[in-house]
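The values are calculated or read from the model by the stated rules, or taken from the named source; none is laboratory data. In this text the structure is predicted, and so the values were computed from the model without any measurement. As a convention, Cβ positions derive from the backbone with ideal geometry for all residues, glycine included, and neighbour counts pool all protein chains shown. Ligands, DNA and RNA are excluded from the accessible area calculation, which covers all protein heavy atoms including side chains. Shrake-Rupley method; radii C 1.70, N 1.55, O 1.52, S 1.80 Å.
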Amino acid sequence: MARKMLKDGDVPMADGEQFDYDLFVIGAGSGGVRGSRTAASFGAKVAICELPFHPISSEWLGGHGGTCVIRGCVPKKILVYGSSFKGEFEDAKNFGWEINGDINFNWKTLLENKELAITSDEALSLEELPKRAVILGGGYIAVEFASIWKGMGAQVDLFYRKDLPLRGFDDEMRTVVASNLEGRGIRLHPGTSLSELSKTADGIKVVTDKGEELIADDAHPNSQRLNLDAVGVEVDQIGAIKVDEYSCTSVPNVWAVGDVTNRINLTPVALMEATCFAKSVFGGQPIKPDHRDVPCAVFSEQEAVNEAKSDVLVFTSSFNPMKNSISKRQEKTIMKLLVDSETDKVLGASMCGPDAPEIIQGIAIALKCGATKATFDSTVGIHPSAAEEFVTMRTVTRRVSPASKPKM
């Protein structure tokens, strides 16, 4: 909640009315902390509150740092690093390394879990690594945990309702992801859902298979206990707070940023929204958060068609990374550029393969600057690297016109 609103002019206080704080922040996640610190740097008196800490979130428990730091991006990235070593050890043999003896992995956590089915929060708090995991869902959290657990030695089955995992992402990327998951030994079950779990003497029985189940369910805004109706703050059907282009709610002195608004639920986006809010309200610098060209956001061919002035030219490159040619690992890398045929502007970029986040971050800057395909073509590549493929793609794979609708 903010007292000052410099975007529309300062709000006059009634006679005798005083405030303890210029800004009182509910929620110490990425957006809340960034907004608080930035507002304070402009001279605002700020307070922030958060639920008691617990590694598994609920309406009553949370912790300073929010999802990303406690039970999201950061701990999962650590697990991804840890799970990758098994494959590295195997690959090393073909590079001349002799690994003698057993290489064992030991899973340590603090909380005991006794449920048949668990969520991704609880998956970060298991006392022991599951020997077998049945994962329900094809979203990025489900795919991440399938890769993590398989990399650490578990037997993994991934069930999802659609034909391919990662619904909403580029179809070609999804196809490569599915192929690479199978190549790692993860058993995929497309078009399949689970309906029953039961405890047996041998473990946990699933109606369509057996094993422990992780439910990678969608996260929902945690706004139910804020009593927003009492002050007139509008929310949508899932509890997300409705905001305008400056992140202001239906109540003029109440603002909202981050996942609770259900715009683009990514930590860097929450940081951007919070910074724009603080600059607009306390810094005298009205600025709207720009949700275009956000790296890792879903950008399908159809969205490019909608943005393009004319047809969209699709450039793709698929190859086996140099490292895999020695290790014999069968995992493809695929890259894609979407280009407006009339303006030559690059509308989108996708990549599936090693170091994709590091490469796409740089590509995102180019897109934000309005780079054209000619700009990419005139850039000298770094050789040998996978990234150089983005500046050497010369042949159009296909042309998509506004009249045609690609498969989503």
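Annotation: amide H of residue 160 within the under-5 Å range of 137, 189, 191, 192, sequence separation 5 or more or interchain, hydrogens built in the peptide plane.
Close amide H partners of residue 155, meaning residues 5 or more places away or on another chain with modelled amide H under 5 Å apart, are 132, 133. Each helix, a run of at least 4 DSSP H residues, gives -39500 (n - 2.57); summed and divided by the residues of the chain, these come to -8500 deg cm²/dmol at 222 nm. Evaluating 6.51 cos²θ - 1.76 cosθ + 1.60 at θ = phi - 60° for every residue in the stretch 172-182, the Karplus couplings come out as 5, 5, 4, 5, 5, 4, 4, 5, 5, 4, 5 Hz, glycine and proline recorded as x.
Among the protein heavy atoms, those of residue 54 account for about 50 Å² of accessible surface (1.4 Å probe, every chain in place).
Restricting attention to the stretch 300-375, which GluC sites (Glu not before Pro) occupy a DSSP loop and are surrounded by at most 13 other Cβ atoms within 10 Å?
Working: sites: 301, 303, 307, 331, 342, 358; in loops: 331, 342.
Qualifying residues, ordered by number: 342.
Percent relative contact order of the chain, based on C-alpha pairs within less than 8 angstrom and at least six residues apart? Reported as a whole number, the value is 14 percent. Each of the peptides 254-267, 19-32 was scored by the mean count of other Cβ atoms within 10 Å over its residues; in descending order, highest first, they stand as 254-267, 19-32.
State whether the stretch 323-406 is rounded, prolate or oblate according to the following rule on the C-alpha gyration tensor (a ≥ b ≥ c being the square roots of its eigenvalues): a/c under 1.5 gives rounded; otherwise a/b larger than b/c gives prolate, and the remaining case gives oblate. It is prolate, given that a/c is not under 1.5 and a/b is the larger ratio. Between residue 167 and residue 84, the distance separating the two model label sites (each 7 Å from Cα on the Cα→Cβ line) works out to 3.0 nm.
Counting charges near residue 225 (Lys, Arg +1; Asp, Glu -1) among other residues having Cβ under 15 Å from its Cβ returns a value of -3. Springs between Cα atoms under 10 Å define the GNM used for the chain, and in it the highest mean-square fluctuation of 206, 243, 380 occurs at 380.
Just the number please: accessible area per residue for the chain, 1.4 Å probe, all protein chains included, in Å². Please report the intermediate quantities before stating the final value.
On the way: 22550 Å² over 408 residues.
Counting only protein heavy atoms, the per-residue value for the chain is 55 Å².
In the assembled protein chains, residue 394 presents an accessible area of approximately 130 Å² (probe radius 1.4 Å). For the residues 270, 142, 387, a GNM of the chain with alpha-carbon springs under 10 Å puts the largest fluctuation on 387. Applying 1/(1 + (r/R0)^6) with r as the Cβ-Cβ distance of residue 105 and residue 244 and R0 = 51 angstrom yields a FRET efficiency of 0.55.
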